[in-house]
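The values are calculated or read from the model by the stated rules, or taken from the named source; none is laboratory data. All of these numbers come straight from a predicted model, not from anything done at the bench. As a convention, Cβ positions derive from the backbone with ideal geometry for all residues, glycine included, and neighbour counts pool all protein chains shown. Quick note on the areas: whole protein, heavy atoms, side chains included, nothing else; ligands and nucleic acids left out. Shrake-Rupley method; radii C 1.70, N 1.55, O 1.52, S 1.80 Å.
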Amino acid sequence: MSNGTIGGGYPVAVQIGARPDSGFDDPIGMLKDCHRRIEHFLNTICLVVERAHGRPMREEEAAAVDAALHYFRVGGKRHSADEEESLFPRMRENAALAGMPELAKLEIEHRDANRLHEIVSLLCLAWIRNGHLNAANEQQLISATQRLKSLYAEHIEMEETVVFPRAAASLDGKTIAVIGEEFRARRV
């Protein structure tokens with residue numbers, strides 16, 4: 001495990017609940033940290049789907065997928081709430097940022113990702129429980145994971161190259177502090 005993988009080359013799970021790299025005084029940094037976890041856990045699911053299709057998951061594969069699904073059920077939903085309930089409303093209230101069409105697009109992508117995550121979760125859990133998927137469900141799972149990977153790549157790029165820099169440059173310290181406290185409240 002010293003190389004950061006478990007048997008079969010799957011990435012070692014990130015510790016859920018571990019202290020994020022950025023603190024509540026840097027909520028935009030926290031969102032970026034979360035993006036790294038999203039990429040990590042999505043990569044885990046994609047690797048298992050790619051490597052294990054047509055056979056039962058091994059114990060370590062099932063454990064890795066289960067941890068990833070848990071992350072998206074808990075951390076992924078919290079991440080979307082951090083953006084949609086804290087950051088984006090503050091950006092819309094700020095005269096310099098009002099009218100950013102990117103925010104509405106990102107919110108639609110959150111809903112699209114949620115629908116894809118539901119499909120991935122149902123199919124992965126059925127695969128773990130039954131030891132296999134029929135060909136149609138296997139293809140649906142492959143398609144859903146590929147679509148998620150593409151969606152997140154574009155989504156994260158938009159947030160990290162356009163939205164977050166504009167927020168950091170335009171929101172004052174008091175607003176950033178309030179956003180950070182809201183993030184903290186979601187984690188209590």
Given the criteria touching a His at 6+ places or on another chain (Cβ under 6 Å), touching a residue at least 12 places away in the same chain (Cβ under 8 Å) and not small (G, A, S), does F41 qualify? no
Looking at region 47-68, can you tell me whether even one residue there is assigned to a loop (DSSP other than H, G, I, E, B) and modelled with pLDDT under 95? yes
Residues of region 118-137 satisfying the condition of being open to solvent by 30 Å² or more (accessible area, probe 1.4 Å), in contact with a helix residue (DSSP H, G or I) (Cβ under 8 Å, 6 or more places away or on another chain) and either over 13 Å from I45 (Cα atoms) or touching a residue at least 40 places away in the same chain (Cβ under 8 Å) (or both): L125, I128, N137
